[in-house]
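The values are calculated or read from the model by the stated rules, or taken from the named source; none is laboratory data. None of these values were measured; they are calculated from a predicted model. Cβ placement follows ideal geometry from the backbone for every residue including glycine, while neighbour counts extend to all protein chains displayed. Just so you know, the surface numbers come from the protein's heavy atoms only, side chains and all, with ligands and any DNA or RNA stripped out. Shrake-Rupley method; radii C 1.70, N 1.55, O 1.52, S 1.80 Å.
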Amino acid sequence: MAYENIRVEKRDGIAIVTIDRPKVLNALSTKTFHELADAFAGLSDDREVAAVILTGGGEKAFVAGADISEFLGFTPDDAREYGRLGWRTMLLIDRLGKPVIAAINGFALGGGLELAMSCTFRYAAENAKLGQPEVKLGLTPGFGGTQRLTRLVGKGRALEMLLTGDPIGAAEALRIGLVNKVLPAAELMAECEKTAKTIAKRGPLAVRYCLEVAHSGLNVSFEEGLEMEAGVFGLAFATEDFREGVTAFNEKREARFKGK
Ligand code: CO8
């Protein structure tokens, strides 16, 4: 599939996906969602890619939300299908089986913040503004915002953002745990790449198991979560990567993992 609204670059075991419609602050049109879904399905199966960075084109925005220009033409059915396309794409990113780092290089509003929250974790530029402004449009978040924000920052802080619709700055996002790091804009991508490359050096299966258990463990009791962890711990012992990791440690060298 040839892309019009996104760019995908691959180098050194990582992929960089850029939503590239800077004229409309990278707003998420139906076509953009289809392209993102296609790209991430491909990255999920791509054994050369260990980690992904997701960012926005231009200097101003990560993503300023769903593409509002499409809304007034939507029938209720269209709106439901658009909503489904959005949350399914974000769930695909959330459950990719490899880490996706959001590089928030400006506005992350509405669907843009929901997209960033569907990533594994987030680094932000100092100029970033993050918010769920849907109530200002007489709408609710439609791509998981009410669920992911409450889980990430707690119910009280999430509801303050959801009900006022007002954005917060990068420093406040860091303080409440919505982003993991704040960097000068010029250093954001380099820092994301550094972290992505660090993860790319780790055992790919172990990374995937960590992601799986962290996700599934949130939906079960603590004890069941511990059982799941024990399950993948046992599974790791059946991998070549585990033998290589321990052998490399004993031989005081870097491990060469194969993802087997
Ligand atoms: N959709 C479409 N176009 C947009 C969007 C958007 N979300 N955001 C900005 N643009 C366009 C502007 O219309 C403008 O276009 P033009 O130059 O043709 O007038 C261009 O991008 C530049 O924007 P501004 O001139 O407004 O730039 P400013 O720096 O003055 O302001 C803001 C930047 C504050 C980000 C401002 O653009 C803004 O408020 N944007 C809208 C933010 C917003 O409300 N986002 C949430 C949208 S709703 C959503 O994401 C979830 C809906 C739930 C989906 C449910 C599915 C059924």
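Cβ-Cβ under 7 Å, sequence separation 6+ or interchain: first residue in segment 182-204 and without any contact (Cβ under 8 Å) to a residue 60 or more places away in the chain, partner open to solvent by 30 Å² or more (accessible area, probe 1.4 Å). Which pairs? Going by the 7 Å Cβ cut-off, the qualifying pairs are Val182/Glu126; Val182/Ala171; Val182/Leu174; Pro184/Glu126; Gly203/Phe257.
Put simply, of Asp166, Asp241 the only residue that is of a type outside the set (S, T, N, Q) and under 30 Å from Gly138 (Cα atoms) is Asp166. Every condition in (1) open to solvent by less than 30 Å² (accessible area, probe 1.4 Å); (2) among the aliphatic types (A, V, I, L, M); (3) away from the ligand (no atom under 11 Å from the Cβ) holds for Ala50 except the one numbered (1). For the subset of segment 114-129 comprising residues that are in contact (Cβ under 8 Å) with a residue 40 or more places away in the chain and either within 11 Å of the ligand (Cβ to nearest atom) or not assigned by TED's automatic domain parsing to the domain that holds Ala37 (or both), which member is surrounded by the fewest Cβ atoms within 10 Å (Cβ to Cβ)? This residue is Lys129. Determine whether Glu244 is touching a Phe, Trp or Tyr at 6+ places or on another chain (Cβ under 7 Å) and over 15 Å from Ile104 (Cβ atoms). Criteria met by Glu244. Within the set Glu134, Glu81, Glu126, the sole residue that is touching a Ser or Thr at 6+ places or on another chain (Cβ under 7 Å) and not hydrophobic (A, V, I, L, M, F, W, C) turns out to be Glu134. Restricting Asp77, Asp20, Asp12 to residues that are out of contact with any Gly (no Cβ under 9 Å at 6 or more places or on another chain), open to solvent by 30 Å² or more (accessible area, probe 1.4 Å) and under 29 Å from Ala200 (Cα atoms) narrows the list to Asp12. Scan segment 174-186 and tell me whether some residue there is open to solvent by less than 20 Å² (accessible area, probe 1.4 Å) and in a helix (DSSP H, G or I). No, segment 174-186 contains no residue that is open to solvent by less than 20 Å² (accessible area, probe 1.4 Å) and in a helix (DSSP H, G or I).
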